[in-house]
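Single-structure report; data block below.
The values are calculated or read from the model by the stated rules, or taken from the named source; none is laboratory data. Treat the numbers as computed from the prediction; the structure is a model and nothing was measured. No Cβ is skipped: glycine too gets one built from the backbone with ideal geometry, and neighbour counts run over all protein chains shown.
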Amino acid sequence: MALTPSSAIRNNTILCCIAFWASIASPSAAEDIEPGGKLLLTRGISSVDGTGGGGIVPWALITGNETDRGIGATAHLTSVMLPDFDVVSYGAGIGLRDRLEMSYSHQTLDTGSTGPKLGLPDGYTFSQNVLAAKVRIAGDAVYGQDTWLPQIAIGAIYKKADHGDLLAALGAEDDDGVEFYVSATKLLLAQSLLLGATLRYTEANQNGLLGFGGTSDASIYPEVSVGYLLSKRLIIGGEYRAKPDNLTFAQEDAWMDLFAAYAINDAMTMSAAYADLGSIATFDDQRGLYLSLQVGF
Amino acid sequence: MYRFCVAALAGPLLSATLAMAEPLPGELPVDPYEASNENAGAAPLENPDVFVAFHGQAGIDRIVDDLVDRVIVDPRIEGIFRASDLVRLRRTLKEQFCYLLGGPCDYTGRDMVEAHKDQGITMREFNALVESLQLAMDTEGVPFAMQNRLIAKLAPMQRDVVTR
């Protein structure tokens, strides 16, 4: 085969690109990519932000059923039915080698008949798009049973809210923002306990649905999770997430929930929770039922 | 006579660290190695309730037999066991679980690195075995919280067992 100089350069460039990608995607390129292999529940569920975690707190676990030799993915649909609002989140995430996680989610806060009471049209809906990446940097939550070192991951979450003009009128500085977090997750198997702690650097108002910033700068807020494994399929527990309170027109509270997550099989996990989202846009005591379905491989 | 006396004296002294078990009928010969409970890969549990929850030695024997019966037909991992001496595997696994659960047993098998070094086991395959072990413990009626006491002992061995 006779190659012209230009086609040789092009071919070499392509080969270099392929080799570069292979070196990232597959450190041992001769091996096949394997799907699946995680134990039930150890991929976590999907948080409202799309990150692998609990329902409102990201965990250090990586989404998808894959192990260190594979690729996995999940998709989720979550609904929180509150007295004066409905929150919906759907999205998907990819896990690479149980090391790297990338996810997208779309969130809506439907004001329903509450809209007019806020001077908004009936059924006015706040919404945002969320892109997130997480990388596991140390530890193994499941297998490190002989050490206190938890699984540790760091992540970044980019959020872009719709209706920027309205959010500015409400006192938000921006309609988009980036959150950074570090998360530690530890399974204490001998006690059947799951413990998690996250520190999130954020200035998001109501998770970003009401924009970013306002009366104070971004700061670090703690989040914790506790779970008890009742069986290999069922975990019950609670989560707490401190949040900024940046808008002068309305107070914002911490979020918390009591949850149960049930792995129907390798592919599907159902979660239900009693969620307390505190005061939202001047409407207090927003407590209600959280339901989430996660499917994946 | 002198050698007999030495053996009679040394035997009980050495048995704490060098308890080479009698191979069962049907076991294949293995290369010599130094037997020690250290090879079991973890210290035994001290809470006697766990051994009771596993229904003692008899329960552990049933769990291991069920486990081996499951893994040798599991398409994900049966290939690993095709060349294994299953008689010896059952015996040493029973010893190991009994020892780790605080039972009156010594582990006489090889350490986890040696026992798995040529098998090229992956994380997915390790997890497949854990799933079969959980099913075997379910069948024996071991409560989930007690199952986790054993799995917590076995889990860190992943670092020695998984080589690929």
Restricting the stretch B:51-95 to residues that are polar (S, T, N, Q) and closer than 19 Å to B:G26 by Cβ, the residue that is modelled with the lowest pLDDT: B:S84
When residues of the stretch B:91-102 are limited to those that are surrounded by fewer than 22 Cβ atoms within 10 Å (Cβ to Cβ) and touching a residue at least 40 places away in the same chain (Cβ under 8 Å), the one farthest from B:N47 (Cα to Cα): B:R91
Residue match in the stretch A:24-35 (condition: over 20 Å from the mean Cα position of the chain (by Cα), at pLDDT 95 or above and within 14 Å of chain B (Cβ to nearest Cβ)): no
Tally of residues being touching a residue at least 60 places away in the same chain (Cβ under 8 Å) and either in a helix (DSSP H, G or I) or on the phi > 0 side of the Ramachandran plot (or both) across the stretch B:142-163: 8
Qualifying residue in the stretch A:238-261 (condition: assigned to a loop (DSSP other than H, G, I, E, B), surrounded by fewer than 15 Cβ atoms within 10 Å (Cβ to Cβ) and within 14 Å of another protein chain (Cβ to nearest Cβ)): no
Members of the stretch A:191-249 that are among the polar types (S, T, N, Q) and without any contact (Cβ under 8 Å) to a residue 24 or more places away in the chain: A:Q191, A:S231
Matching option when the condition is surrounded by fewer than 16 Cβ atoms within 10 Å (Cβ to Cβ), among the aliphatic types (A, V, I, L, M) and at pLDDT 95 or above, among A:L77, A:L109, A:L82, A:L61: A:L77
Any hit, the stretch A:146-164, residues being more than 22 Å from A:E239 (Cα to Cα) and within 14 Å of chain B (Cβ to nearest Cβ): yes
Yes/no for A:T269 being of a type in the set (S, T, N, Q) and either in a strand (DSSP E or B) or within 14 Å of chain B (Cβ to nearest Cβ) (or both): yes
Failed condition for B:L133, given (1) more than 9 Å from every other protein chain (Cβ to nearest Cβ); (2) more than 14 Å from B:I63 (Cβ to Cβ): (2)
Failed item, numbered, when A:T215 is tested on (1) over 15 Å from the mean Cα position of the chain (by Cα); (2) surrounded by 16 or more Cβ atoms within 10 Å (Cβ to Cβ): (2)
Residue list for the stretch B:136-156, restricted to those being within 8 Å of another protein chain (Cβ to nearest Cβ), farther than 12 Å from B:F97 by Cβ and out of contact with any Asp or Glu (no Cβ under 7 Å at 6 or more places or on another chain): B:F144, B:A145, B:N148, B:A152, B:A155
